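Before any comments, here is the structure.
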Amino acid sequence: MSYVDEVLARVKTKNAAEPEFLQAVEEVLESIRPVVEANEELYKKEAILERITEPDRQFKFRVAWVDDNGQAQVNTGYRVQFNNAIGPYKGGLRLHPSVYLGIIKFLGFEQVFKNSLTGLPIGGGKGGSDFDPKGKSDREVMAFCQSFMTELYKYIGADVDVPAGDIGTGAREIGYLYGQYKRITRLYEGVLTGKGLTYGGSLARTEATGYGLLYMVEELLKSHGQDIAGKTCVVSGAGNVAIYAIQKAHQLGAKCVTCSDSTGWIYDPEGIDVDLLKEVKEVKRARLTEYAAARPSAEYHEGRGVWSVKCDIALPCATQNELLIDDAKALVANGCIAVCEGANMPTTLDATQYLQQNGVYFVPGKAANAGGVATSALEMSQNSERLSWTFEEVDAKLNQIMVNIYHNIDDAAKRYGKEGDYVAGANIAGFEKVVDAMLAQGVC
Ligand code: NDP
């Protein structure tokens with residue numbers, strides 16, 4: 001049995017109840033086979049694959065808080081510190097009822113390679129809770145965040161572990177979390193990113209993941225002799241990533257005709273109205289039915305369905321495993337030329353393979369959505385030097401980082417005879433840097 005197969009079997013036995021984590025590990029280990037085979041003796045002796053698939057440590061804790069009726073509530077909090085070979089742990093906090101250890105581990109594992117691809121000194125981690133901010137009052141969200149941070153603060157710090165936003169954790173939640181950290185520790189430091197602009201946040205961080213995704217699409221198409229201007233895009237999600245992806249796509253001359261949330265989706269042949277979408281989702285925190293009600297050109301459909309709409313480019317920006325094999329078949333049949341993942345692991349393994357086998361350019365989330373964490377690292381730099389950079393400065397750095405990531409993953413794929421396989425390219429390029437650092441630092 002090869003070393004990769006040995007470790008895959010071991011990971012499956014040890015984490016049998018965590019399918020998302022297994023899916024992420026399988027995707028990475030399968031695609032780095034050529035690198036491992038070229039260094040098998042050394043990696044095996046140093047247990048590189050066993051170490052890289054086992055988090056450095058993981059915390060699980062009770063989060064008790066009181067709701068508006070005076071009733072005590074209990075949620076579970078998590079922080080997984082996966083690997084800090086190349087820098088302090090860095091990764092968001094997800095607040096969603098589906099959160100359990102397997103989701104946080106999959107996201108933390110992905111984050112290790114993504115952070116490596118940014119070229120910046122950040123390790124990988126992730127955290128969150130099964131708390132659902134939807135339908136809660138601001139006071140309830142604050143009570144939850146204060147209780148969550150009262151435990152989490154023990155494990156994080158500006159040079160230790162720097163959490164950020166993710167699904168369900170936006171500017172409001174980051175503000176409450178930061179306030180509590182400061183209150184307990186008396187430290188005014190860059191311990192969280194995604195902060196508000198009045199207390200250490202970076203310009204362009206809000207936009208960064210969506211904008212970065214489109215900079216990646218632009219470079220991908222350019223290197224294949226195509227132009228993004230004039231292309232039709234379908235987008236899923238209606239949160240932070242989706243909104244700013246749509247905004248940047250429109251600025252670059254493309255047209256996004258769909259978006260979705262957890263109950264339904266919009267088809268708007270005139271192009272999604274970003275200002276209206278922001279009003280509905282960021283201000284009112286309402287359903288997409290309100291978007292349709294205010295926009296005569298839009299159709300609202302219950303359930304899922306964005307991938308059935310004819311497009312040139314598909315941008316999944318909602319959640320994991322939202323683009324399935326039948327969706328991949330519909331995209332190919334409709335002439336889609338590129339799928340770039342704004343969300344983490346939105347495409348299932350079989351759907352990914354189908355898209356690749358049918359000539360669709362496919363860029364995985366760990367490369368395509370790395371602009372968010374890269375800009376978080378830029379926020380950390382600004383906090384360290386107690387300075388703030390202009391929007392244009394941060395945006396230009398973000399653009400350059402995304403262009404570099406594209407060429408880095410393209411080169412890595414070519415080096416191993418897998419030209420055009422950006423999944424392999426991203427995993428290989430991300431892995432190589434982390435392994436180099438792990439080998440240099442000895443067995444730990
Ligand atoms: P938000 O919470 O802002 O938005 C998530 C969107 O996806 C919402 O429209 C939500 O619908 C929808 N959604 C969430 N869960 C489901 C589900 N189970 N089924 C269908 N729709 C769902 O999150 P973000 O935009 O920040 O994150 C989206 C994705 O991007 C995630 O995979 C995240 O990990 C990834 N990501 C985010 C980064 C960031 O900087 N924010 C950075 C890199 C990756 P509803 O409105 O109904 O809640």
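The values are calculated or read from the model by the stated rules, or taken from the named source; none is laboratory data. Quick caveat, the model's predicted, so the values are computed rather than measured. Methodologically, a virtual Cβ is constructed for each residue, glycine included, from the backbone with ideal geometry; neighbour enumeration extends over all protein chains shown.
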- Task: Working only within the stretch 119-144, note down all residues that are away from the ligand (no atom under 14 Å from the Cβ) and either surrounded by fewer than 18 Cβ atoms within 10 Å (Cβ to Cβ) or over 15 Å from VAL99 (Cβ atoms) (or both).
- Result: GLY119, LEU120, PRO121, GLY123, SER137, ASP138, ARG139, GLU140, MET142, ALA143
- Restricting attention to the stretch 357-377, which residues are assigned to a helix (DSSP H, G or I) and within 13 Å of the ligand (Cβ to nearest atom)? GLY365, LYS366, ALA367, ALA368, ALA370, GLY371, GLY372, VAL373, ALA374, THR375, SER376, ALA377
- Item | Of all residues making up the stretch 378-419, the number that are loosely packed, with under 15 Cβ neighbours inside 10 Å and in contact with a helix residue (DSSP H, G or I) (Cβ under 7 Å, 6 or more places away or on another chain) | 1
- Query: In the stretch 166-185, what count of residues is obtained for those that are over 20 Å from the mean Cα position of the chain (by Cα) and within 11 Å of the ligand (Cβ to nearest atom)?
  - Reply: 0
- When you scan the stretch 148-177, how many residues do you find that are without any contact (Cβ under 8 Å) to a residue 60 or more places away in the chain and closer than 21 Å to ASP132 by Cβ? 7
- Item | Residue check, THR150 within 13 Å of the ligand (Cβ to nearest atom) and of a type in the set (S, T, N, Q) | no
- Task: Mind listing whichever residues of the stretch 297-348 are under 24 Å from ALA229 (Cα atoms), in contact with a Phe, Trp or Tyr (Cβ under 7 Å, 6 or more places away or on another chain) and either in a strand (DSSP E or B) or within 12 Å of the ligand (Cβ to nearest atom) (or both)?
- Result: VAL306, ALA314, ALA338, VAL339
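For the stretch 253-292, give me the residue count where each residue is among the polar types (S, T, N, Q), over 12 Å from VAL309 (Cβ atoms) and touching a strand residue (DSSP E or B) at 6+ places or on another chain (Cβ under 6 Å).
Adding up the residues that qualify gives 1.
Would you call LEU192 surrounded by fewer than 23 Cβ atoms within 10 Å (Cβ to Cβ), out of contact with any Ser or Thr (no Cβ under 7 Å at 6 or more places or on another chain) and assigned to a loop (DSSP other than H, G, I, E, B)?
Considered against the rule, which asks whether it is surrounded by fewer than 23 Cβ atoms within 10 Å (Cβ to Cβ), out of contact with any Ser or Thr (no Cβ under 7 Å at 6 or more places or on another chain) and assigned to a loop (DSSP other than H, G, I, E, B), LEU192 comes out as no.
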- Would you be able to say whether some residue in the stretch 145-155 is among the aliphatic types (A, V, I, L, M) and buried (at least 19 other Cβ atoms within 10 Å of the Cβ)? yes
- Does SER116 satisfy being more than 18 Å from the chain's Cα centre (by Cα), among the polar types (S, T, N, Q) and either modelled with pLDDT of 95 or more or surrounded by fewer than 24 Cβ atoms within 10 Å (Cβ to Cβ) (or both)? no
